[in-house]
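This report concerns only the one structure given below.
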Amino acid sequence: MTELQEVSFDDIKHLVSERAISGENMLLNMGPQHPSTHGVLRLLLELDGETVVNCIPDIGYLHTGIEKNMEAKTYQKAEVMSDRLDYMNTTGNNLAYVMAVEKLVDLDVPERAQAIRVIIVELQRIASHLIFLAATGLDLAAQSIFLYCFREREMILDILELCSGQRMMTTYLRPGGLWRDVPPEFDGAVRDFLKIFPKRVDEYEALLTKNPIFVDRMAGIGILTREDALTYGVTGPILRASGVDWDLRKARPYSGYEQYDFDVPVLTKGDSYARYLVRIEEFRQSVRIIQQAMDKLPGGPVRSENRKFVPPPRSEIGVSMEALIHHFKLWTEGFPAPKASIYSAVESPRGELGVFLEGDGGPKPYRIHWRTPSFENLGVLPVLAKGHFVADLVAIIGSIDIVLGDIDR
Amino acid sequence: MGVEQKLGDMGIVTTTLEQVVNWSRTRAMWPMLFGLACCAIEMMAAQASNYDMSRFGMELMRASPRQSDLMIVAGRVSKKMGPVVRRLYDQMPEPQWAIAMGDCASCGGVFNNYAIFQGVDEVIPVDVYVAGCPPRPEALIHGVLTLYEKVGGEKLKDAVNR
Amino acid sequence: MDKKLEPILHALQEKFGGTLEEFRDEAHVFVKAEHIVEALTFLRDKHDFELLSAMTAVDYWPQAQLPFGESPRFHLVYQLTSLAHNLSVQLRVQVSGSRPEVPTASGVYAVANWREREAWDMFGIRFTGHPDLRRILMPLDTEGHPLRKDFPLGYEEPQFTFNFDEIQLRKPFAQD
C-alpha cells in the first residue's frame, strides 16, 4: 500500500514536446514536497535550459473524499466538512454551504445573522489575503512580511475564537442563522482591528509595492489575457486583475451585500503584480464593508424561528415539550430537503465558490459538488508558466494563491 | 557532595555521554518544511511572530529531508500521498522523529472514508500525537516539548539496537 | 426566473428540443448528449455565456435501473454564466449507465478539460475526443470510481474499547 507508484513516460508522452521525447529538453519533477508549491502540488516541468516549455500539474495528493463523505451525513453534520475544504477561508465555505441548504429548503435568515455573517466572512477574506501576502513574500525571500502578516492574522483568529471557540474550523454559520449571538466583547475587538489594520496595510505597501526586487519578480510575469481567463473559468482577484469586472458580491448580492458601499478593484495588466495590487485593494474594501456592517448592525434574533429546520434554544427545551421534540428530531434524524437540485455561489477570496446541492427528499444530501475556485485557477497555470524561468514559476504560483485542500477536495 | 560542588567555579560540569548527546539533539532539532493541509497553517503560525517556535531551537525549517531530524505531519494523509510521506521519512537521516499533528494525522479525524489513511502511523512510525482540529500553536509547541522529553530519555544502546 | 433568460431558453428548446425544468428561479434544460457541444457553442457565441462555472455529474443508481433498455444512470450538469447579462443557465445531459459516453466540451471551454477528467475519475464517464483523459485526483491504480453510488464509502469501524492489545492487533502500524 505504501509503495511509490511509477508513472511510465508513455502515459504523458502526448503532453510534452518532441524535444523532450528525443531527450534534448529536461523533464523535472517539482513537488509534492516543495516549499513554494503551497502544499502538496506536483508539477512536471519540461525545461529548455532555465525556461519552462511545458508545465503539467499533477493534483490529488490531498484528495479527501469530502463530497462522498458529506453524502453520508445529515445536512447539519455535513457542515463540519465544509470548513476543511479551503482551510484559509473556513467561514466562507460555511457561508457557501449554509446558503445552498437555505436555498434548497427555502429557509429565512434574520437580518442580524446576515450582517454578522458578512463581518465574519470579510474578516476571513482579510485573513486569507494575509496568508497570500505572507506566503508569496516568503517565496520571494521577503521574510519580514511573513512575520507582520501573521501578527495581524492572529487578531482576526482571536475574534473568530471569541465568537465560536475555535480559531480556524469555526462552523459558526449554521443553516438558518448562526450558532449563537456574538459575545459583548465582539464589538470592541472588531473596532480595535479596524482602527489598526488600515495603517498596517500601508506598512505592507511600503515594504513591497515599490520595492524594486519585488516589482522585478512580479511585474510582467505570468500575464493572463481576458480571453484565456474566461475560457479557463478563472474567477476572483485573478480575473479582476485581467480586466473583467466580475464580483459576485456586486453582481448577485447575497446576505445583504447590496446595503454596503464598496468598490471592486479591477486592473487590466493581468500579471502577477496586478494580482497582488488587486488583493491589497481588497484589504481596504473589506475594511470598508466591515465598518459599515458594524455601524448598521441590527438587533434581533440570530436564528430563524422555523423550528422544522433550526433547533430551538437550549432554554426552551426544559419548559416546552414541542421544543424538546424538535430538538430530538433535528439532531437524531435531521431535516428533509426536497427532491431537487440547486446551485448557489458566493465570492470567496479566491473566486466563485459554488455549491451544487441535490436533495432526494431525505435528511442527507444526495449529491453535493463543490465548485472550488482554486481548481480552475490552477488549471490556467500551464498557460501562465509557458516561456518563463523556473524562478518566476514560484512567483506565479504565489500570485494565483491556490489552496490544495480547495483543489483536491 | 559531588565533584561539581568542589570544582564549581572552574566551569566544569560532569555528566554522562548520553545526556550530552540527548541535550544537543533537542536544542537544535530541525523540522522538515512540509505541510499537508489545514494544520500546516497553524504550523506556520507557530513559527511566526506571536508564538515563535525558535525559542525552542526550532527556527530552522529545512525543505530537504536530508537535512532534517523531525517530520511534523501536519494534515490529512491521502492514499496518494502516503507513499510520498514514507519516501520522505526514509530519506531523513537517523536519528529521525515524527510528530502526527492534528486529528487527521493521528487517527483520521472526521474523514473516515476511502481516500484517507486512518492515522499516519499506518505509514510511518510516530513518536508524539498532537490532538486538535487543527491544534493551536501552543498545542504544537507542547507536542514538541513532549518529544524533547522523550528524546531526553533515550538510551544509546537502544540506538545501536535499532 | 429572469425575464432576459426566456428568449434564450426558447431558442434552446427550438434548436435542440430540450425539456425545461424550473426550481427556485433556476432553469435546467435537458439536452441530448449528441447536441451538448453544439448547445454549449451556441450559448457561448450567440448569448455571451463566457464562463462554464461548474461541471459535474450525479449518479442515480439504483433508482435509474429500468427493467429494459438503456437507463439514464448519470446526469451531467453544466452550469453556465453570462457575465455581460448576469444570467445563469444549467444544461443537463442524461447518460446511460451501460455505456457512459459523452462528446467532450474541452474544445468549447478550456476548463472542461480538467472538469471532464474529474468526471471520468469520479464517475467513470468517458468523454470521446478528450485530449488527455487520465485520472486526475485518485491514484492511477485505483479500481472503480469513488463517487458512484455503488462504490463503498470505505468506512473504518472506530474501536470503542480500552483493550489496547486488541486495538494494536487490528491496526496496521508502520515499521521503522
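The values are calculated or read from the model by the stated rules, or taken from the named source; none is laboratory data. Predicted, not measured: the structure shown is a model, and the values here were computed from it. Because the Cβ atoms are built from the backbone with ideal geometry, glycine has one as well, and the counts that use them run over all protein chains shown.
In this structure, does A:K73 turn out to be surrounded by fewer than 17 Cβ atoms within 10 Å (Cβ to Cβ), farther than 25 Å from A:D401 by Cα, at pLDDT 85 or above and under 24 Å from the mean Cα position of the chain (by Cα)? The answer is no for A:K73. Looking at A:I396, is it among the aliphatic types (A, V, I, L, M), in contact with a His (Cβ under 8 Å, 6 or more places away or on another chain) and either under 30 Å from A:S17 (Cα atoms) or touching a residue at least 24 places away in the same chain (Cβ under 8 Å) (or both)? So A:I396 passes the test.
Among the residues making up the range B:15-36, a single one is over 29 Å from B:D158 (Cα atoms) and modelled with pLDDT of 85 or more: B:L36. Look at (1) facing chain A (nearest Cβ under 9 Å); (2) of a type in the set (S, T, N, Q); (3) over 29 Å from C:G154 (Cα atoms) and you find that B:S78 fails only one, number (3). Can you find a residue in the range B:126-135 that is buried (at least 22 other Cβ atoms within 10 Å of the Cβ), in contact with a Phe, Trp or Tyr (Cβ under 7 Å, 6 or more places away or on another chain) and either closer than 25 Å to A:M88 by Cβ or more than 14 Å from chain C (Cβ to nearest Cβ) (or both)? Taking every residue of the range B:126-135 in turn, none turns out to be buried (at least 22 other Cβ atoms within 10 Å of the Cβ), in contact with a Phe, Trp or Tyr (Cβ under 7 Å, 6 or more places away or on another chain) and either closer than 25 Å to A:M88 by Cβ or more than 14 Å from chain C (Cβ to nearest Cβ) (or both). Out of everything in the range A:351-409 that is among the aromatic types (F, W, Y) and within 12 Å of chain C (Cβ to nearest Cβ), what residue ends up being farthest from the chain's Cα centre (by Cα)? So the residue we want is A:Y366. Checking B:R55, B:R27, B:R62 one by one, the residue that is of a type in the set (D, E, K, R) and within 12 Å of chain A (Cβ to nearest Cβ) is B:R62 and no other. Evaluate the following for A:G318: is it under 23 Å from C:F123 (Cα atoms), surrounded by fewer than 22 Cβ atoms within 10 Å (Cβ to Cβ) and over 26 Å from the mean Cα position of the chain (by Cα)? No: the conditions fail for A:G318. On inspection, A:G233 does not qualify as modelled with pLDDT under 90 and either under 30 Å from A:K308 (Cβ atoms) or of a type in the set (V, I, T) (or both). Total residues in the range A:218-248 satisfying the condition of being crowded, with 24+ Cβ neighbours inside 10 Å and among the small types (G, A, S): the figure is 6. Report yes if some residue within the range A:258-278 is within 30 Å of A:V109 (Cα to Cα), part of a helix (DSSP H, G or I), within 22 Å of the chain's Cα centre (by Cα) and away from chain C (no Cβ under 14 Å); otherwise report no. The answer is no, given that none of the residues of the range A:258-278 is within 30 Å of A:V109 (Cα to Cα), part of a helix (DSSP H, G or I), within 22 Å of the chain's Cα centre (by Cα) and away from chain C (no Cβ under 14 Å).
Quick one: in the range C:11-36, which of the residues that are crowded, with 18+ Cβ neighbours inside 10 Å and assigned to a helix (DSSP H, G or I) is nearest to the chain's Cα centre (by Cα)? Among those that are crowded, with 18+ Cβ neighbours inside 10 Å and assigned to a helix (DSSP H, G or I), it is C:I36.
Can you tell me which residue is modelled with the lowest pLDDT among those in the range A:5-30 that are within 9 Å of another protein chain (Cβ to nearest Cβ), closer than 20 Å to A:K386 by Cα and surrounded by 11 or more Cβ atoms within 10 Å (Cβ to Cβ)? Applying the filter and picking the extreme gives A:I12.
The single residue among A:I66, A:I56 that is at the interface with chain B (Cβ under 8 Å from one of its Cβ atoms) and β-branched (V, I, T) turns out to be A:I66. Looking at A:R252, A:R279, A:R217, A:R275, just one residue is charged (D, E, K, R) and over 19 Å from A:I397 (Cα atoms), and that residue is A:R252. Which residues, counting only those in the range A:143-183, are of a type in the set (G, A, S) and assigned to a loop (DSSP other than H, G, I, E, B)? Scanning the range A:143-183 gives A:G165, A:G176.
Listed here are the residues, each with its yes/no results for (1) within 14 Å of chain B (Cβ to nearest Cβ); (2) out of contact with any strand residue (DSSP E or B) (no Cβ under 9 Å at 6 or more places or on another chain); (3) at pLDDT below 85.
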| site | (1), (2), (3) |
| --- | --- |
| C:V93 | no, no, no |
| C:A105 | no, no, no |
| C:F123 | no, no, no |
| C:R135 | yes, yes, no |
| C:K149 | yes, no, no |
| C:E157 | yes, yes, yes |
| C:F162 | no, yes, yes |
| C:F173 | yes, yes, yes |
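Reported count of residues in the range C:29-53, each being within 13 Å of chain A (Cβ to nearest Cβ), touching a strand residue (DSSP E or B) at 6+ places or on another chain (Cβ under 6 Å) and free of Cβ contacts under 8 Å to residues at least 60 places away in the same chain, is 4. Among the residues of the range A:363-399, the ones that are part of a helix (DSSP H, G or I), of a type in the set (V, I, T) and buried (at least 24 other Cβ atoms within 10 Å of the Cβ) come to 1 in all.
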